[in-house]
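The values are calculated or read from the model by the stated rules, or taken from the named source; none is laboratory data. The model shown is predicted, which means the values in this text are computed figures rather than measured ones. Don't worry about glycine lacking a Cβ; one is built from the backbone with ideal geometry, like all the others, and counts go over all protein chains shown.
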Amino acid sequence: MSTDPPSPLAHPARRGVGGPGSDVEISMSADPEMHVLARLTASAYASRFDFDLDDIEDLRLAVGELCIACSAGATAASRLTLRFAYHLSSLRVECTVTAVASGVDDDAGNPLLGGLSPGELSRRILAELVDAYRVEPAAAGVRRGSIEMRRRAAGS
Amino acid sequence: MDAERPTLRVSLGEHEGVPVARASGEIDVATAQGLRSELAAVPSGTRKLVVDLSEVTFLDSTGLGVLVATLKRLQDGADDSRVALVVTRPQTVRVLEVTGLARVFSVHASVEDALAP
């Protein structure tokens, strides 16, 4: 009895069904100029799992906001790492930024924004665009955050 | 990296005395300073500023912050100053709506509409 090698299309990362084999991790400088790479990766990753174009646009914006929020207090030495995972129709993005300065408060009302804080704008966007989000205070020079977005059923 | 680097172009002109800024590209945390610098040339107290965002393909909270700051600066000189945004891209409309800023700015589908009294 012959045993054919498993088809590469059987791999979860290729089937578009997710699972640990489809996780993606990227790491870069936390320089704002690099955030575009995070957004591009988010778009490409979501497209593998049949998110529709509106959801991909929402995810792209949400990942950008997550990077901004987690990068508060980032320094020239800071590294930004994103981990993308898809499982059971839910896409999760975890963000970690290292070497962040402590005591940076993006919630301080900015008079130039009419008292609105930059963090408040980010939170309003994240709250509307994704199903769950979290940005932790920096601890020991590291700030972590995450977002989750469920894929809508076709036609919903 | 150049292919991935977000680009933003902003120009400032005027139409019958109304300053009109036209932006194209991505307005994000890396490029928003370019928008801020260009809009800084509009004097405080200017009654109306039109910002054409119809060619903007990405707008995040940093860019929104620049627009809000510009409106506040203009209103420091004249309470009735307003900023009229020209927005055609659904995602840009969406980000203005979810932040509540669609009620702060006047939002129009064309520069002509934005210029109308």
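Points worth noting:
- Taken as a whole, the structure places B:Glu112 among residues that are modelled with pLDDT of 95 or more, among the charged types (D, E, K, R) and outside any strand (DSSP E or B).
- Checking B:Gln33 against (1) in contact with a Lys or Arg (Cβ under 9 Å, 6 or more places away or on another chain); (2) surrounded by fewer than 20 Cβ atoms within 10 Å (Cβ to Cβ); (3) in a helix (DSSP H, G or I), the condition it does not meet: (1)
- Of the criteria (1) within 18 Å of A:Ala132 (Cβ to Cβ); (2) in contact with a Lys or Arg (Cβ under 7 Å, 6 or more places away or on another chain); (3) modelled with pLDDT under 95, which one A:Ala42 fails: (3)
- For first residues located in the range A:52-72 and more than 10 Å from every other protein chain (Cβ to nearest Cβ), partners that are acidic (Asp, Glu) and lie 6+ apart or on another chain with Cβ distances below 7 Å form the pairs A:Ala72/A:Asp106.
- Residue check for B:Arg9: basic (Lys, Arg) and more than 14 Å from chain A (Cβ to nearest Cβ): yes
- Lone qualifier among B:Ala69, B:Ala102 - being at the interface with another protein chain (Cβ under 8 Å from one of its Cβ atoms) and either more than 28 Å from A:Glu57 (Cα to Cα) or part of a helix (DSSP H, G or I) (or both): B:Ala69
- Index of the failed condition, B:Glu97 passing every other in (1) more than 14 Å from every other protein chain (Cβ to nearest Cβ); (2) of a type in the set (D, E, K, R); (3) closer than 23 Å to A:Glu57 by Cα: (1)
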